[in-house]
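See below for the structure under consideration.
The values are calculated or read from the model by the stated rules, or taken from the named source; none is laboratory data. None of these values were measured; they are calculated from a predicted model. Ideal geometry is used to build each Cβ from the backbone, glycine not excepted, and the neighbour counts take in all protein chains shown. Only protein heavy atoms, including side chains, enter the accessible area calculation; ligands, DNA and RNA are left aside. Shrake-Rupley method; radii C 1.70, N 1.55, O 1.52, S 1.80 Å.
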Amino acid sequence: MPEKYRDLYTPRKCSYTNRLITADDHASVQINFCRVDAEGRMIKDKSQNISVAVCGFVRAKAQGDSAINSLATDAGLLKNVV
């Protein structure tokens, strides 16, 4: 029976620019936002979490903060942020 080949590395895409995040992009970050209940505790349901990946290109242009604010606003996590 032949062995199945698996990729050990699955590339990610930047959530803000849709650029491919390559293996040598060491400035990229991935941030996971979780939902909280009324008391401020994390909801244990993993489907409620939101993952955001920002490539090093955006961070090098000093746009990382505005990119994360924009993505969080689109996801409904922030309000009234320009």
Accessible surface ranking that places the most exposed of 77, 8, 20, 71 first, with a 1.4 angstrom probe: 8, 20, 77, 71
Ranked order, 25, 74, 45 - accessible area, probe 1.4 Å, largest first: 74, 45, 25
No Cys partner within the rule (Cβ under 4.7 Å), the chain: 34
Amide H partners (placed H, <5 Å) of residue 12, local residues excluded: 21
Label corresponding to log10 I(q)/I(0) by the Debye sum over Cα atoms at q = 0.11, 0.19 Å⁻¹ when calculated from the structure given, among (1) -0.40, -0.90; (2) -0.44, -0.96; (3) -0.25, -0.75: (1)
Heavy-atom surface of the chain, accessible at 1.4 Å and reported per residue (Å²): 83
Cα gyration tensor category, rounded, prolate or oblate, for segment 1-47 with a/c compared to 1.5: oblate
Cα-based Lys proximity count in the chain, under 24 Å, for pairs eight or more positions apart or on separate chains: 4
Rounded to 10°, Cα long-axis angle of helix 64-74 versus longest principal axis of the chain: 70
Surface share of carbon and sulfur [accessible, 1.4 angstrom probe, percent] for the chain: 51
